[in-house]
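Since every read-out is calculated from the coordinates, none of them should be taken as a lab result. Bear in mind that the values here come from a model prediction, so they are computed numbers and not experimental data. Heads up, the Cβs are rebuilt from the backbone with ideal geometry, glycines too, and the neighbour counts pull from every protein chain shown.
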Amino acid sequence: MDFVEKAKGFLMEPSKTFDSSKEDTLEEAIKYYAVIVAVYSLLSTVVFAIAMTGSFGSMMGMGQLGTMMGVGAGIGGAVVLFVIMVVFGLIGVFISGAIVHIGVLIVGGKKGITQTIKAVMYGSTPGLLLGWIPLIGGLAGIWSLVLEVLGVRQLQEVTTGRAIIAVIIPLVIMVILVIIFAAVIAAFVFGMSGRGY
C-alpha cells in the first residue's frame, strides 16, 4: 500500500487500514510518519510565516517582522522552525507511544510496544495532515485521538473500552502532572514575590 492509499485509508476506513497494517514493520511506520510530520511541519511553517507578515501579524504588531529581520533571516528562521518541528515530532511520537503503552499494559494488551507506537504514528494521520489548517486543527486533533483508540484496539487486539482506557490513562496522568507543575511554579513565584525578591 503506497503512502497516499494508506493516508486515505486511515482517514476513511481506519479499522480496515489498521488491520492491514498489523504486519507493517516499525521501519515502515516510521517512514510513513516521517512524511506526514514533514508535511505538517512545512505547511505549519508556511501558515505561521504568512500570519506573522500578513494582516494578522499587523494586528499583533508583527506586520513588519519580515522587513525588520530581513528576508534571509526570515527564511533561515522558517527553516529552523521546520527542522525543530520535524525533530520534536519524531522524538515525541516515541515518547508518547511509550506512555500510551503503559496504559496498554494496564488494560492487558500483550502485542508489544511496537504495535502501540504504530497505533500512535498511524493515528496521528488526521492531526498531521489537517492540523495545520486554522480552526480545523482542533477537530483534526480529536479525530487523531479517536484513530489512536482504534489503532490500539486493532493492533493490540483489545476491546474498544480497554483501548479507550489505555489512551485516556496517559492523558489524565499528563494533565495531573501539568497541574502539579503549574501549582509548584505558581507557589514558587508567589512565594518569591511575597518575600519582596
Which trypsin sites (Lys or Arg not before Pro) in the range 112-197 pass both tests, a DSSP loop state and at most 13 other beta-carbon atoms within 10 Å? ARG195
Using each residue's phi in the range 95-109, evaluate 6.51 cos²θ - 1.76 cosθ + 1.60 at θ = phi - 60° and report the 3J(HN,Hα) Karplus result to the nearest Hz, with x for Gly and Pro. 5, 5, x, 5, 5, 5, 5, 4, x, 4, 5, 4, 8, x, x
What's the ranking of 2-14, 178-190, 121-133 by average number of surrounding C-beta atoms within 10 Å, highest first? 121-133, 2-14, 178-190
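Full extension from ILE176 to VAL4: what is 0.36 nm times the residue separation minus their Cα-Cα distance, to one decimal in nm?
58.1 nm
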What's the FRET efficiency of LYS16 with ALA183 using the Cβ-Cβ distance as r and R₀ = 41 Å, to the nearest 0.05? 0.35
